[in-house]
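Worksheet for the structure shown next.
FYI, it's all coordinate maths here, none of it is from the lab. Please read all numbers here as calculations on a predicted model, not as lab measurements. Please note: Cβ atoms are built from the backbone with ideal geometry, for glycine as well, and neighbour counts cover all protein chains shown.
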Amino acid sequence: MVQNSSLSVNPIEPNEIDEKLRLIPQDEEDQAMVNQSAIPHINQTAVDICPDIAGDGHSGIIKVSLNDTRISAENSYYLLTAVFLFVWRRGRVSRRGICLVGLCESGKTLIFSQLIYKKAVESFTSMKENVGVLDIANQGPLKLVDIPGHERVRQRFFDTYKNTARGIIFVIDSFSLNKDIRDVAEYLYNVLTDPVISSNQPQILILCNKQDHALAKGPQVIQSVLEKEMNVLRNTQTNQLEAVAEGGNRKSSYLGQEGKNFEFADVHPLRIEFAGASAHTDDLENLKKWLHSVA
């Protein structure tokens, strides 16, 4: 976990957001993965396929130039490795989005304004997204997207931004969870079983907001309550799928580990964390630390 949790915001116009994100320098982890030293025996074939692997800093236009039509098994291995690392790094760098999702009145927009504008702003149920840029110290910018919580539009906006999501913050109202538990579980279930999310594997933070309320449930309690509700929902969803699909479709849609009660720790390969916060009092330290770790 990164200790320094300071975040800064640059005044960026909306039409500059995507351009700024395209100029992100690769981080040290990416460099280590694609640096020539990581592949000590890389040959010219691999370099021609992906110049970035050789560390020359080019943008990575794929170019194949093979003078010898006979490709050895060794060359094939290096070529495939180079292409894989090229695609992996480009996909990772391009996903710089952070999606704020959750039910209406969970506090998403207040969290957004505290992070982007450094102040609380009057919020109301919106039918469109809010977009801003966070500059993470020594990491580069993240594109923060506040997805509307209204059931009629939230899936459409989520579909728009999920492909570029590096992380997802699922915001929960810790004070009203008892009455909202079914809706929260269904929404979260849909996010976790989304094919794009399963494929891209963004990090997921379940943020238990409104911890300043005296009767608010803590993150550990909320995790336990959610796991029980998700277990019931999973069984219902699985039975419905098996009733509709010939031969069932359990293996491809089952969330968690079969043969045991649902636990978030079993939702592989997704990494799911819980944390508390209070946007009303600007207590977002846990969230800021998580953002640093994701960036």
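Odds and ends about this structure:
- Stretchable slack from residue 257 to residue 198, in nm (0.36 nm times residue separation minus alpha-carbon distance): 19.8 nm
- Under 14 Å, Cβ to Cβ, from residue 128 - net charge with Lys/Arg +1 and Asp/Glu -1: +2
- Computed over the stretch 96-294, Cα set: Rg, Dmax in Å: 16.6, 54
- Local electrostatic count, residue 178, Cβ distance below 12 Å [Lys/Arg +1, Asp/Glu -1]: -1
- Each of the peptides 169-182, 219-232 was scored by the mean count of other Cβ atoms within 10 Å over its residues; in descending order, highest first, they stand as 169-182, 219-232.
- Local charge for residue 142 was computed over the other residues whose Cβ lies under 9 Å away, with Lys and Arg +1 and Asp and Glu -1, and equals +2.
- Each peptide in 96-102, 198-204 was scored by the mean count of other Cβ atoms within 10 Å over its residues; highest first, the order is 96-102, 198-204.
- When the listed pairs 118/210; 119/179; 118/289; 179/210; 217/289; 128/289 are checked against a 25 Å cut-off, the alpha-carbon distance exceeds it for 119/179; 128/289.
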